[in-house]
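Coordinate-derived values only; no laboratory data. None of these values were measured; they are calculated from a predicted model. With ideal geometry, Cβ positions are generated from the backbone for all residues, glycine too; neighbour counts draw on all protein chains shown.
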Amino acid sequence: MQRAYPLLFVFLWSTGFVGAKYGLPYAEPLSFLLTRYGLVIGLMLLVVLATRAPWPKEPVQWLHIGVSGVLVHAVYLGGVFIAIKHGLPAGITALVVGMQPLLTAFGAGWLLGENVSKRQWAGLALGFVGVGLVVSGKFGDAALGPMLWPAIVALLAITSGTLYQKRFCARFDLRTGSLIQFVPTAIVTAIAVALFEDYRIEWTGDFLFALGWLVLVLSIGAIALLNLLIRSGSAVNVASLFYLTPPTTALIAWVVFGEQLTLTAGFGMLVAVSGVYLVARPAR
């Protein structure tokens, strides 16, 4: 069963773009995320109370788990949602964030002492080329302008967040750990909403569907799988899975929204999968 976790994570994580596409037309980006975090906290609190899940014993672990949560949730998702909401094409957003495995490989050797082999470096480079091919037809003519910066901030946040969690708090109870991650995430996001937004939400059917999907499938399901993968695998191997997100998202968009899937994108998917295989293949 555990062998299926990486593929299941990639699929669930990729559906986040579908949820954003449905929900963002009806809400400001940070207000959308704050509502999502509040519901996650409420649900996970019920789970923790019902199961009497254990809390971390060391105060420093609370700090480490909270910091990793702010980076992976508040800053990463905030950057992605702001970039897409204000006009940065999803393809460019995916390409920018798609640099995460390469940055993680640099950081893994420095912070975690992980050895990245030549084969893995080749796989990381190949995966990035594949992502570029997949999203090449989605650039359009939109001017990038300052909206590229939120995507860059998101890239740095998800990279540093996964490295930080692997280094300082790889193992924690997924139930209480989720609460410890999402509470400071909600606080940081609430401050940003107070400073920059008016908490505008239109409670339409599409928005409610998107909100429910992102809460249950992404913030609970996919994040639990990500925490398990960070706990059991190397940072580089886990990060390489993010190369599969744009190809999987393109397939989902083709099925759900009827978006065009070009021959170049199809070839890029094969290239990206080949790159991830080179990274994750056990050394002989």
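Along the stretch 185-198 the Karplus relation, 6.51 cos²θ - 1.76 cosθ + 1.60 evaluated at θ = phi - 60°, assigns HN-Hα couplings of 4, 5, 5, 4, 5, 4, 4, 5, 4, 4, 7, 10, 10, 10 Hz to successive residues, with x for each Gly and Pro. Normalising the Debye intensity of the stretch 1-131 to I(0), with uniform scatterers on Cα atoms only, and taking log10 at q = 0.11, 0.14, 0.20 Å⁻¹ returns -0.58, -0.94, -1.38.
log10 I(q)/I(0), Debye, Cα-only the stretch 156-249, no solvent, q = 0.18 Å⁻¹? Computed log10 I(q)/I(0) values: -1.05. Each residue of the stretch 8-22 is assigned a 3J(HN,Hα), and the resulting list reads 5, 4, 4, 5, 5, 4, 5, 6, x, 5, 5, x, 5, 4, 6 Hz, derived from the Karplus form 6.51 cos²θ - 1.76 cosθ + 1.60 (θ = phi - 60°), x at Gly and Pro. Residue-wise HN-Hα couplings along the stretch 57-68, as the Karplus relation 6.51 cos²θ - 1.76 cosθ + 1.60 with θ = phi - 60° gives them from phi, are 8, 9, x, 5, 5, 4, 5, 4, 5, x, 4, 4 Hz; Gly and Pro carry x.
Have a look at 76, 164, 199 and tell me which one the Gaussian network model of the chain (Cα, springs below 10 Å) gives the largest fluctuation. In the Gaussian network model the winner is 199. For 106, 128, 182, 9, the sequence from fewest to most other C-beta atoms within 10 Å is 106, 128, 9, 182.
Place a point 7 Å from the Cα of residue 24 along the Cα-to-Cβ direction; which residues of the stretch 55-89 have their backbone N under 17 Å from it? Label zone hits: 73-89.
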